[in-house]
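Taking it in order: structure first as structure tokens, then the write-up.
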Amino acid sequence: MKVLVTGAAGFIGYHLSKLLLTRGHEVVGVDNINDYYDVNLKFARLEDLGVSKIEAAEFGSNTDSKIYDKFSFLRINLEDKKGIDTLFEQEKFEVVCNLAAQAGVRYSIENPQAYVDSNIVGYVNLLEACRNNEVKHLVYASSSSVYGLNSKIPFSTQDTVDTPISLYAASKKSNELMAHTYSHLFGFATTGLRFFTVYGPWGRPDMAAYLFAEGIRNDEPIKVFNHGNMERDFTYVGDIVEGVMRIIEGETETRKQNQELYKVYNIGNNNSVKLTDYIANIEKNLGKKAKKIMMDMQPGDVAKTWADVTDLIKDYKYQPSTPIEKGVKKFINWYKIYNKL
């Protein structure tokens with residue numbers, strides 16, 4: 001099938017694009033390659049997909065991969081409604097997977113406009129393009145952050161999510177609400193995926209695994225929030241994209257017949273891991289001990305996350321299978337290669 005992957009130069013988007021291609025699908029990747037974190041990592045991911053930095057850097061030019069004959073890339077902003085409409089009209093996508101978003105909980109406190117532009121305006125442009133071009137299925141990234149002040153553990157999609165504590169979380173909740181509206185009004189399937197803490201090779205440098213590895217490698221103190229009393233449903237990226245793939249390849253006709261075009265799932269490891277254990281695995285694989293600065297809880301953060309993925313297991317036979325020890329080892333192996341250690 002023909003799939004649009006937005007955020008293709010991003011962490012999850014890169015891995016999903018590669019998996020789709022190995023499964024024989026045709027993929028068009030788009031990304032605006034913004035500078036929220038080091039763009040060289042984004043360009044390096046695209047290089048691994050067969051698109052050079054020089055080609056990828058140019059806005060509005062669709063470039064074919066030199067490695068994968070079914071992959072092409074276009075640099076574009078989702079806020080560019082005219083450009084998005086033209087892309088959809090030309091390509092006739094069957095499925096759209098929206099992984100593009102302004103990321104980061106804490107950054108949303110400092111720069112709210114970036115979240116409105118990308119996560120709301122850009123998202124509406126995608127919904128409209130899906131509606132007007134007979135797209136069968138929109139799969140999109142939501143976030144575990146929508147659970148906000150919810151204290152019930154594990155987090156379930158049956159829980160009320162009306163108390164977001166960051167604009168990032170609020171923007172993701174708005175995506176779910178808009179998807180429901182479009183599925184109801186226009187009759188195409190939408191599936192929201194509430195991602196829990198994803199890590200692995202090619203991971204973002206602003207996320208815990210990379211930040212901790214950098215600090216430990218350089219003998220710099222690492223910040224450990226809530227004095228180490230944090231737990232996260234750390235999920236290996238390979239398990240995540242396998243789950244996304246099952247949904248993309250799944251049929252939607254039954255959902256239409258059952259009047260279940262709108263769906264939201266948790267996608268995580270179905271387990272909560274202590275932050276101190278996560279750090280210990282990074283220390284072990286780097287062969288160095290961390291210097292830790294114990295910090296208070298940060299605004300917009302929560303002490304514990306844990307995904308109940310029962311529905312995803314039942315509907316799509318999703319089964320995360322990578323333990324933290326194996327996943328962290330794979331991440332550190334990549335980290336050493338990427339940083340030429």
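The values are calculated or read from the model by the stated rules, or taken from the named source; none is laboratory data. Worth saying up front: this structure is predicted, and the values here are computed from it rather than measured. FYI the Cβ positions are ideal-geometry reconstructions off the backbone, even for glycines, and counts take in every protein chain you see. Just the protein is used for accessible areas: all its heavy atoms, side chains included, with ligands, DNA and RNA removed. Shrake-Rupley method; radii C 1.70, N 1.55, O 1.52, S 1.80 Å.
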> Taking the condition out of contact with any Ser or Thr (no Cβ under 7 Å at 6 or more places or on another chain) and among the aliphatic types (A, V, I, L, M), does Ala100 pass?
Replying inline: no
>> I'm trying to understand the selection: among the residues of the range 331-341, which are open to solvent by 80 Å² or more (accessible area, probe 1.4 Å) and part of a helix (DSSP H, G or I)?
In response: Ile337
> Inside the range 205-274, counting only helices (runs of 4 or more DSSP H) that do not spill past its ends, which hold 1 or more residues that are open to solvent by 30 Å² or more (accessible area, probe 1.4 Å) and over 25 Å from Met297 (Cα atoms)?
Replying inline: 237-249, 253-257
> Do you know which residues across the range 1-30 are assigned to a strand (DSSP E or B) and among the small types (Gly, Ala, Ser)?
Replying inline: Gly29
> Does Gly192 satisfy the condition of being open to solvent by less than 30 Å² (accessible area, probe 1.4 Å) and either assigned to a loop (DSSP other than H, G, I, E, B) or of a type in the set (S, T, N, Q) (or both)?
Replying inline: no
> Looking at Asp159, is it part of a loop (DSSP other than H, G, I, E, B) and open to solvent by 20 Å² or more (accessible area, probe 1.4 Å)?
Replying inline: yes
>> Every residue in the range 1-25 that is surrounded by 18 or more Cβ atoms within 10 Å (Cβ to Cβ), within 11 Å of Lys70 (Cα to Cα) and in contact with a strand residue (DSSP E or B) (Cβ under 6 Å, 6 or more places away or on another chain), please.
In response: Val3, Ser17, Leu20, Leu21, His25
> What about Ser52, is it touching a strand residue (DSSP E or B) at 6+ places or on another chain (Cβ under 6 Å) and not basic (Lys, Arg)?
Replying inline: no
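When you check Val198 against the structure, is it more than 30 Å from Lys330 (Cα to Cα) and either surrounded by 20 or more Cβ atoms within 10 Å (Cβ to Cβ) or of a type in the set (Phe, Trp, Tyr) (or both), yes or no?
Answer is no for this residue.
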>> If I filter the range 162-180 down to residues being open to solvent by less than 10 Å² (accessible area, probe 1.4 Å) and aliphatic (A, V, I, L, M), which single residue comes out as modelled with the highest pLDDT?
In response: Ala179
> Scanning the range 281-323 for residues that are among the aliphatic types (A, V, I, L, M), surrounded by fewer than 17 Cβ atoms within 10 Å (Cβ to Cβ) and part of a loop (DSSP other than H, G, I, E, B), which turns out modelled with the lowest pLDDT?
Replying inline: Ala303
